[in-house]
Amino acid sequence: MSERKVRVRFAPSPTGALHIGGVRTALYNYLFARRHGGKFILRIEDTDSQRFVPGAEEYILESFHWLNITFDEGVSFGGDHGPYRQSERREIYKEYIQILLNNGKAYIAFDTPEELEAKRNETANFQYDASTRMQMRNSLTLSEEETDALMAGGEQYVVRFRIEPDEDVHVNDLVRGDVVVNSSVLDDKVLFKSADGLPTYHLANIVDDHLMEISHVIRGEEWLPSAPLHVLLYRAFGWEDTMPAFAHLPLLLKPEGNGKLSKRDGDRLGFPVFPLQWKDPKTGELSSGYRESGYLPEAVLNFLALLGWNPGNDQEIMSMDEMTGRFDLARCSKSGAKFDYTKGIWFNHQYIQAKSDDEIAGMFLPVLEEHGVTAPLEKIATVVGLTKARVDFVKELWDASGFFFIAPAGYDEKTVKKRWKEDSAKCLLELADVLNGISGFNPQEQEKAVMDWIAAKEYHTGNVMNVFRLALVGEGKGPHIFDISRVLGKDETLARIRRAVEALR
Ligand code: GLU
């Protein structure tokens with residue numbers, strides 16, 4: 001078979017916030033397209049007017065903008081296969097519905113919801129299919145004149161796909177292999193509804209994949225049950241030669257592994273399941289997002305990439321280029337991927353360490369401002385360098401380093417109880433004199449002077465250092481003590497020592 005131009009799409013329905021599983025699907029499509037020098041298309045599948053949620057499309061676009069996932073064609077990106085919003089393609093779908101009606105692959109059905117309900121009550125496990133369709137009110141059981149008359153009279157109808165029974169339908173799945181389903185289990189799916197003049201998902205999806213020349217359909221496992229129907233639709237149109245290859249990605253599972261990941265798991269365990277914060281326009285309910293929670297987009301992508309795919313070695317930290325270079329659908333797993341959100345936090349930690357202190361300082365700036373602190377960027381970067389190893393999120397830098405910018409307002413009681421000794425005040429005042437006496441103030445100079453003094457006086461190093469830390473930080477945490485004093489500078493260090501003596505003696 002000749003190599004086909006790779007064209008893949010992400011085709012979300014704007015029915016609410018984009019779930020993190022959808023982001024993973026988009027990422028795999030993106031990696032696949034980049035890997036093969038292909039095109040990545042964003043199609044908005046908004047034919048279900050009942051489920052349309054205002055703001056959802058904007059949310060999707062903003063999410064990918066934040067994640068730096070770019071599309072080559074699609075809604076807001078342009079391209080020559082548009083329009084890319086299905087609600088703008090109504091006329092196209094009508095044309096294709098007509099083709100199926102004309103070649104006998106579809107038929108018109110007038111059964112009202114009440115009639116269908118009655119049938120379901122009367123027949124156990126009723127399914128609208130080859131075994132029942134001849135008992136229903138449709139263009140197969142009515143004469144052509146009757147059908148035309150009903151339509152002319154404005155009767156509501158749907159168009160149903162006529163599925164032939166007892167045929168093994170093969171879905172060639174790049175992740176799962178040959179998936180076989182017997183057509184008898186499928187029902188005559190509704191493809192179009194006259195009530196809103198819109199096609200259903202199945203028809204619009206197949207027509208668009210065809211017209212947009214999609215080569216690979218990479219999507220979540222939840223769409224696998226639709227795939228045999230899609231294969232049959234391709235065939236009904238006579239498009240089997242250009243039918244895309246399928247790849248159904250493994251489900252994202254709860255962190256414990258028992259069942260599908262849901263928003264409630266995020267609420268229960270305290271992690272976001274959406275890329276960005278989302279406010280439900282109907283209920284006003286606010287859901288947290290990875291962006292607002294302080295995750296770096298690169299960390300989120302790296303984390304998601306490994307949920308269902310592996311690069312063939314045990315490398316975990318990978319740039320987009322590295323992931324692109326290695327991405328292979330054959331390395332996607334069939335079984336669900338546990339959503340280990342703590343691993344996501346680990347990735348964030350790693351990415352913070354990998355960024356320059358200057359860059360993290362820039363991100364820390366607004367946090368400092370929130371706390372009413374302004375400081376030169378150079379100082380912030382130095383502080384970041386001393387403390388970032390201790391944090392998973394930029395906002396945690398405040399707890400880890402606030403004392404560099406604001407003198408302690410009080411002294412942690414527990415630490416005081418443990419560390420403050422009878423001679424601590426005297427010791428600290430001597431220490432202040434020692435520090436005041438040295439000409440330079442870099443950590444080595446301080447350390448040398450202080451250690452010489454401790455040795456001469458036969459003091460206990462630990463005792464001195466602990467109260468020194470208490471004086472500068474207000475508690476028992478923080479980086480190397482002489483790094484703290486160096487950043488604070490001589491005047492501030494001495495001032496804090498004296499203040500601690502005043503307060504604690
Ligand atoms: N509109 C579907 C969704 O919301 C698209 C599924 C597919 O990729 O075929 O995910």
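The values are calculated or read from the model by the stated rules, or taken from the named source; none is laboratory data. Computed from a prediction, not measured in an experiment: that's the story for all the values here. All Cβ positions, even for glycine, are placed from backbone atoms using ideal geometry, and neighbour counts span all protein chains on display. SASA here: full protein model, heavy atoms, side chains in, ligands and nucleic acids out. Shrake-Rupley method; radii C 1.70, N 1.55, O 1.52, S 1.80 Å.
Here the range 74-106 is scanned for amide nitrogen atoms under 12 Å from the site 7 Å beyond the Cα of residue 156 along Cα-to-Cβ, giving none. With R₀ fixed at 25 Å, the C-beta to C-beta distance from residue 409 to residue 442 puts the FRET efficiency at about 0.30. For the chain, with the dipole built from +1 on Lys and Arg beta-carbon atoms and -1 on Asp and Glu ones, taken about the Cα centre, which of 12, 470, 107 lies farthest toward the positive end? After comparing all options, I get 470. With respect to the chain, whose longest principal axis is taken over its alpha-carbon atoms, helix 357-370 is tilted by about 90°.
FRET efficiency for residue 369 and residue 477, Cβ-Cβ distance as r, R0 = 22 Å, nearest 0.05?
Working: r = 23 Å, r/R0 = 1.06.
The pair residue 369/residue 477 has a calculated efficiency of 0.40.
With the helix formula -39500 (n - 2.57) applied to DSSP H stretches of n ≥ 4, the chain reaches a computed 222 nm mean residue ellipticity of -13500 deg cm²/dmol. At a probe radius of 1.4 angstrom, the accessible area of the range 164-295 per residue rounds to 42 square angstrom.
Expressed as a whole percent, the accessible surface of the chain that belongs to carbon and sulfur atoms is 49, based on a 1.4 Å probe. Seen from residue 467, the other residues with C-beta closer than 10 Å to its C-beta sum to a net charge of +2, counting Lys and Arg as +1 and Asp and Glu as -1. The chymotrypsin sites (Phe, Trp or Tyr not before Pro) of the range 297-350 include none that DSSP puts in a loop with a beta carbon having at most 10 other beta carbons within 10 Å. Using every pair of separate Cα atoms, the Kirkwood estimate puts the hydrodynamic radius of the range 4-135 at 17.7 angstrom.
Extension gain for the segment residue 180 to residue 264, taken as residue separation times 0.36 nm less the Cα-Cα distance, is 26.9 nm to one decimal. Placing one equal scatterer on every Cα of the chain and applying the Debye formula, the log10 ratio I(q)/I(0) at q = 0.08, 0.10, 0.13 Å⁻¹ is -0.66, -0.87, -1.23. Here are some pairs, 260/343; 94/193; 417/477; 189/282; which of them have Cα atoms lying more than 21 Å apart in this structure? 189/282, as the Cα separations exceed 21 Å there.
Please state the charge dipole magnitude for the range 342-484, taken about the Cα centre, from unit charges on C-beta atoms (+1 on K and R, -1 on D and E), reported in debye and rounded to the nearest 20. Please list the in-between numbers first.
Numbers: 16 positive and 21 negative charges, 93 e Å.
Dipole of the range 342-484, to the nearest 20 debye: 440 debye.
Averaged per residue, the range 46-135 has 55 square angstrom of accessible surface, using a 1.4 angstrom probe with ligands and nucleic acids left out. Taking 0.36 nm per residue of separation and subtracting the current Cα-Cα distance, fully stretching the chain between residue 51 and residue 399 would add 120.9 nm. For the chain, the longest principal axis of the C-alpha atoms and the axis of helix 443-457 are separated by about 40°.
About the centre of its Cα atoms, the range 438-505 shows a dipole size close to 180 debye [charges on the beta carbon of Lys, Arg (+1) and Asp, Glu (-1) only; nearest 20 debye]. Computed over protein heavy atoms with a 1.4 angstrom probe, the accessible surface ordering of 243, 465, 134, largest first, is 134, 243, 465. At full extension, residue 141 and residue 356 could sit 70.1 nm farther apart than now, given 0.36 nm per residue minus the alpha carbon distance. The residue among 225, 236, 246 whose Cα reaches farthest toward the positive pole of the charge dipole of the range 215-269, with charges on the beta-carbon of Lys, Arg, Asp and Glu, is 225. To the nearest 10 degrees, how steeply does helix 341-354 sit against the main Cα axis of the chain, on a 0 to 90 scale? Once rounded, the angle reads 60 degrees.
Hey, got the dipole for the chain? About the Cα centre, +1 on K and R Cβ, -1 on D and E Cβ, debye to the nearest 20? Each step should come with its number before you reach the end.
On the way: 60 positive and 77 negative charges, 378 e Å.
Dipole magnitude for the chain comes out near 1820 debye.
With kT/(6 pi eta Rh) evaluated at 25 °C and eta = 0.890 mPa s, and Rh the Kirkwood radius from Cα pairs, the range 416-505 diffuses with a coefficient of 191 µm²/s according to Stokes-Einstein. The residue among 373, 276, 172 whose Cα reaches farthest toward the positive pole of the charge dipole of the chain, with charges on the beta-carbon of Lys, Arg, Asp and Glu, is 373.
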